[in-house]
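Presented below is the structure to which this report refers.
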């Protein structure tokens, strides 16, 4: 990749990036614009996957809302992501947890990592 592109991408990166992995339960504080007002909405769920690199890195979070599975993909270095807070560390043996999509209830849980 060209040096110019690398410099532009480096300028877009956030200084403090939270440390979380696939399987962790996280709270994502996302900025929502409604007309001329701006507020922060919390989206709490399990991280299904992380992908990409540099300023293109994204992560997908899944939660069950009123019995319906909801997934959102967030760009990690986006200005619309205020912060990401880790609630629980998960113990998983895969890089992508696509199998959680077909599971409901207690089966959809991820074991907690013991420190």
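Values quoted throughout were computed directly from the atomic coordinates according to the rules given, and no laboratory measurement underlies them. All figures in this text were calculated on a predicted structure; none of them were measured in a lab. Using ideal geometry, Cβ is built from the backbone for each residue, glycine included, and neighbour counts are taken over all protein chains shown.
Computed from Cα atoms, the angle from the helix 3-12 axis to the main principal axis of the chain rounds to 60 degrees. Between residue 83 and residue 64, the contour length at 0.36 nm per residue exceeds the Cα-Cα span by 4.7 nm. Exposure proxy ranking for 111, 106, based on other Cβ atoms within 10 angstrom of each Cβ and starting from the fewest, stands as 106, 111.
In whole percent, what relative contact order does segment 26-115 give with Cα contacts below 8 Å and a gap of six or more residues? So the answer I get is 26 percent.
Anyone know which of 50, 33, 72 comes out most mobile in the 10 Å Cα GNM of the chain? Evaluated over the chain, the most mobile residue of the options is 33. In a fully extended conformation the segment linking residue 51 and residue 29 would gain 6.0 nm over its present Cα-Cα distance, using 0.36 nm per residue.
Mean-square fluctuations from a GNM of the chain, with a 10 angstrom spring cutoff on Cα atoms, peak among 26, 70, 84 at 70. By the helix-only formula, in which each DSSP H run with n ≥ 4 contributes -39500 (n - 2.57) and the sum is divided by residues, the chain has a 222 nm mean residue ellipticity of -2500 deg cm²/dmol.
The computed Rg and Dmax of the Cα atoms in Å for the structure shown corresponds, within (1) 15.1, 52; (2) 15.7, 49; (3) 13.9, 41, to (2). Label reach from residue 16 (point 7 Å along Cα→C-beta): in segment 64-90, amide nitrogens under 20 Å belong to 75-89. Separation of segment 1-65 from segment 75-115 is 14 Å, based on Cα centroids. Considering only 25, 58, 46, the mean-square fluctuation computed in a Gaussian network model of the chain, springs between alpha carbons under 10 angstrom, is largest for 58.
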